[in-house]
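What follows is a single structure, written as structure tokens, with notes after it.
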Amino acid sequence: MAEYQIPEKARIAVLTGEKKIEIYELPVPEINDDEVLVKVEQTGICGTDVHEYKGDPFGYIPIQLGHEGTGTIVKLGKNVTADYYGKPLAVGDKVVTGLKPCGICDTCRNDPEHIHLCEGGEIFGLIPGEEAYKNFNGWFGEYIKINAGGVIFNVSDMDMDLRTLIEPAAVVVHAVEQAKQIFNFKHGSYVLVQGCGPIGLLLLTVVRIIGVRNIIAVDGDEKRLDMAKKLGAAYTVNFMKEDAQAKVKEITVKGAEMAFQCTGSPKAASTIWKYVRRGGSMCELGFFVDNGPTTYNPHQDICNKEIKVIGSWTYQAKDWIQACEMLKEAQKNGLPVEELLTHKYALADINEAMEMNISLQGLKIVVKVNILTLRSHRFIA
């Protein structure tokens, strides 16, 4: 079994005020028999991290953010022998983390497959307060402690960049599984994806992998639409340069059969209905934070067209397994999902990384730890 030298202290990044992340050097916490200590390799910045960074809408400050991370087990409690699905765990294994369910609510006790709906559950990297960050409970740091009950997955068979994409990939896998409840995907289906950020691009990748050929990507950024083509979109529509509704109608004749709203923009959420044909379906997965109300016409947009609608919220544990398989399949089939990681920054430059995310100049912005200085840019200058 591999052995690792664990320092007495390590660096973590703590959000202490609006647009202010400070690097603290704190004692590395001890673990008990039911916990795991992981040395962090790199962590993706999520839109939820950015919302909290910009204005603390959740009231979490102070908090150690970061929930799209991956790293190496360096210390393992004696009672932790396998991951959530029974795959053996050992020091040296590469892992990612999912939710930490409360274990006592009605959902946890009676419907464990739907722990993502646990009202008292937590996500590592979204646990507020001084006690949590002193416990290294977020991925923006050199080490993270996985508390007892945390969902953990052994992903040692995947490279670091693919591992970093597992969490957002699980989000879109769950959305596609939700959509299957209201829509029967076929090779010739016209499926529209609104919003070509990391979530939208991963989603259209999943839809392509399950065999759908006629994928329509809608966005206002030409470089993001170019990436959509690389990942499997057959058609792209730039709403900044053309009449998007007319273009979608030209492509599909009747409108999209299935549409995914991935933007988190109330304005976009009000227009998605216009792209969908009569009798079509729509999945909303863009609003993991409250960005305000949107408007639509119940008569024209839903009732008259008999549109079927379903929402999608985070992921079930099983979605992580499918996310891993999806990413490996994409890589095998030459769909360059790793190119979604456009910018990498050192932990010390995490504020700069957050600002890059806000600027929308890249796609998935990554914080790579254990490197003093790093600014690696790919795709968008």
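The values are calculated or read from the model by the stated rules, or taken from the named source; none is laboratory data. Since this is a predicted model, take the numbers as computed values, not measurements. Note that each Cβ is placed from the backbone with ideal geometry, even for glycine, and that neighbours are counted across all protein chains shown.
Brief remarks on what is shown
- Hey, residue 264 at pLDDT below 95, within 27 Å of residue 295 (Cβ to Cβ) and in contact with a helix residue (DSSP H, G or I) (Cβ under 9 Å, 6 or more places away or on another chain) or not: yes
- Residues of region 252-263 that are surrounded by fewer than 24 Cβ atoms within 10 Å (Cβ to Cβ), of a type outside the set (D, E, K, R) and not in a loop (DSSP other than H, G, I, E, B): 252 alone.
- Residue within region 174-192 that is among the aromatic types (Phe, Trp, Tyr) and either surrounded by fewer than 24 Cβ atoms within 10 Å (Cβ to Cβ) or modelled with pLDDT under 95 (or both) present: yes
- Matching option when the condition is within 24 Å of residue 198 (Cβ to Cβ), assigned to a helix (DSSP H, G or I) and not small (Gly, Ala, Ser), among 274, 249, 241, 267: 267
- Among the candidates 149, 195, residue that is at positive phi and in contact with a Ser or Thr (Cβ under 6 Å, 6 or more places away or on another chain): 195
- Considering region 4-25, the residues that are among the hydrophobic types (A, V, I, L, M, F, W, C) and surrounded by fewer than 18 Cβ atoms within 10 Å (Cβ to Cβ) include one that is modelled with the lowest pLDDT, namely 6.
- Verdict on residue 95 being within 20 Å of the chain's Cα centre (by Cα), in a strand (DSSP E or B) and buried (at least 24 other Cβ atoms within 10 Å of the Cβ): no
- Neighbours by Cβ (under 6 Å, 6+ apart or cross-chain): first from region 73-97, aromatic (Phe, Trp, Tyr); second in a loop (DSSP other than H, G, I, E, B): 84/151
- Scanning region 279-292 turns up no residue that is in a helix (DSSP H, G or I) and among the small types (Gly, Ala, Ser).
- Scan of region 264-280 for residues that are surrounded by 22 or more Cβ atoms within 10 Å (Cβ to Cβ) and either touching a Cys at 6+ places or on another chain (Cβ under 7 Å) or hydroxyl-bearing (Ser, Thr, Tyr) (or both), ordered by number: 275
- Single unsatisfied condition, residue 263 versus (1) farther than 17 Å from residue 191 by Cβ; (2) under 20 Å from the mean Cα position of the chain (by Cα): (1)
- Residue in region 264-273 that is in contact with a Lys or Arg (Cβ under 9 Å, 6 or more places away or on another chain) and of a type in the set (Val, Ile, Thr) present: no
- Within region 294-314, the set of residues being at pLDDT 90 or above, not polar (S, T, N, Q) and not in a helix (DSSP H, G or I) comprises 305, 306, 307, 308, 309, 310, 311, 313.
- Region 98-116 - residue that is crowded, with 16+ Cβ neighbours inside 10 Å and over 20 Å from residue 50 (Cα atoms) and, of those, modelled with the lowest pLDDT: 115
- Candidates 65, 37, filtered to the one that is surrounded by 17 or more Cβ atoms within 10 Å (Cβ to Cβ), at pLDDT 95 or above and under 21 Å from the mean Cα position of the chain (by Cα): 65
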